[in-house]
Amino acid sequence: MSAGLQVVFEDEHCLAVVKPAGQFTQGDWAPPGETTLEQDVRRRLNPDAPESAYVGIVHRLDRPVSGVLIWAKNPKAARRLATQFEKRQTIKEYWAIVEGVGDSPSTRSAGSGSAIFPSPEEVWEDWLLPADSSGVVRSAREGDRGARRAVTRVLRDEAERIPEGCLWLRLWPETGRTHQLRVQSASRGMPILGDATYGSRRVFVGGVALHARALQVRHPTLSTRLVLAAPLPQSWEEQGVVIPGSQVSSR
């Protein structure tokens with residue numbers, strides 16, 4: 001078993017764990033001496049022969065992002081979980097600490113860099129291009145070649161303690177575009193704290209202040225609802241972020 005792997009849920013069909021900020025989800029990019037989360041999961045499932053363990057990857061998190069991830073333990077579970085993500089049948093809630101105050105709530109037009117503000121939530125709708133050769137995603141206009149629609153519901157909430165000049169956002173992405181939340185926040189003058197790629201001018205030790213707080217899926221064989229929640233990393237409090245309560249909204 002890998003040291004430090006934080007398990008949220010496990011049975012014979014799936015395993016949900018907390019990904020630390022700064023760790024790759026999978027791939028061959030981990031620096032020497034580091035492991036990907038997939039490698040850690042494999043070691044948990046089969047310590048003697050990790051490479052022989054079946055690990056179904058149905059979604060991912062960016063390297064600097066922390067939070068909950070679910071893995072399938074067999075092909076049937078992988079197919080059924082992947083289908084839920086593809087058909088947008090899952091509910092994902094992220095918590096973010098962002099710089100600045102963003103757009104005025106009077107902004108009501110849709111499109112790149114704009115927001116629609118039904119009370120008490122906002123709906124962000126944008127068109128995003130695929131990542132370029134440097135891995136950066138950029139906003140576009142509807143109809144631009146390669147642009148894909150990105151939609152996120154957002155609630156600006158009140159934190160118990162937060163760094164000066166920042167806001168706490170709760171975000172529910174309805175689409176799953178690369179770097180979606182990071183680009184949408186930045187395009188509204190609210191880069192995620194520590195996300196220098198998208199304009200943050202401040203440091204957030206260990207990664208960026210974006211956390212996959214909760215994931216709701218249907219169990220791949222029982223069809224019961226699983227509500228999987230990842231506690232905030234201790235580093236958030238150490239950097240001045242205290243969020244009241246630990247409830248997970250069903251939305």
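The values are calculated or read from the model by the stated rules, or taken from the named source; none is laboratory data. Treat the numbers as computed from the prediction; the structure is a model and nothing was measured. Glycine gets a Cβ as well: all are built from the backbone with ideal geometry, and neighbour counts include every protein chain shown. Ligands, DNA and RNA are excluded from the accessible area calculation, which covers all protein heavy atoms including side chains. Shrake-Rupley method; radii C 1.70, N 1.55, O 1.52, S 1.80 Å.
For the residues ARG202, ARG170, ARG177, ARG213, the requirement of being within 27 Å of LEU129 (Cα to Cα) and surrounded by 24 or more Cβ atoms within 10 Å (Cβ to Cβ) singles out ARG213.
Being open to solvent by 20 Å² or more (accessible area, probe 1.4 Å) and out of contact with any Leu (no Cβ under 8 Å at 6 or more places or on another chain) is the filter here; which residues of the stretch 63-86 pass it? Give the steps one after another, and end with the answer.
Step one: filter the stretch 63-86 for residues open to solvent by 20 Å² or more (accessible area, probe 1.4 Å), giving 63-64, 73-76, 79-80, 82-83, 85-86.
Matches in the stretch 63-86: ARG63, ASN74, PRO75, LYS76, ARG79, ARG80, ALA82, THR83, PHE85, GLU86.
Screening GLN89 with (1) open to solvent by 50 Å² or more (accessible area, probe 1.4 Å); (2) at pLDDT below 95; (3) part of a loop (DSSP other than H, G, I, E, B) gives one miss only, at (2).
What residue, among those in the stretch 24-43 that are more than 19 Å from the chain's Cα centre (by Cα) and either in contact (Cβ under 8 Å) with a residue 40 or more places away in the chain or under 18 Å from VAL68 (Cα atoms) (or both), is most open to solvent (accessible area, probe 1.4 Å)? Step by step, filter the stretch 24-43, then rank; the result is ARG43. So the check is Cβ under 6 Å with 6+ separation or different chains; which pairs have a first residue in the stretch 128-147 that's at negative phi and in a loop (DSSP other than H, G, I, E, B) and a second one that's exposed (fewer than 12 other Cβ atoms within 10 Å of the Cβ) and not basic (Lys, Arg)? If the second residue must be exposed (fewer than 12 other Cβ atoms within 10 Å of the Cβ) and not basic (Lys, Arg), the pairs left are LEU129/GLY146; PRO130/GLY146.
To keep it simple, each residue is scored yes or no on (1) assigned to a helix (DSSP H, G or I); (2) under 16 Å from TRP124 (Cβ atoms).
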residue: LEU155; (1), (2): no, yes
residue: LEU167; (1), (2): no, yes
residue: TRP172; (1), (2): no, yes
residue: GLN184; (1), (2): yes, yes
residue: MET190; (1), (2): no, yes
residue: VAL203; (1), (2): no, no
residue: LEU215; (1), (2): no, no
residue: PRO220; (1), (2): no, no
residue: PRO231; (1), (2): no, no
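Quick one: would you say ARG251 is open to solvent by 30 Å² or more (accessible area, probe 1.4 Å) and either among the basic types (Lys, Arg) or at pLDDT 95 or above (or both)? It is true that ARG251 is open to solvent by 30 Å² or more (accessible area, probe 1.4 Å) and either among the basic types (Lys, Arg) or at pLDDT 95 or above (or both). A single member of ARG141, ARG156 is farther than 19 Å from GLY67 by Cα, under 20 Å from the mean Cα position of the chain (by Cα) and either modelled with pLDDT under 95 or charged (D, E, K, R) (or both), and it is ARG156. Do you know which of the residues in the stretch 182-199 that are open to solvent by 10 Å² or more (accessible area, probe 1.4 Å) and within 20 Å of VAL151 (Cα to Cα) is farthest from the chain's Cα centre (by Cα)? That would be GLY189.
Limited to the stretch 46-77, what total is found for residues that are in contact with a Phe, Trp or Tyr (Cβ under 8 Å, 6 or more places away or on another chain) and in a helix (DSSP H, G or I)? The qualifying residues number 1. Do we find that GLY113 is at pLDDT below 95, on the phi > 0 side of the Ramachandran plot and not polar (S, T, N, Q) in this structure? When the stated conditions are applied, GLY113 passes them.
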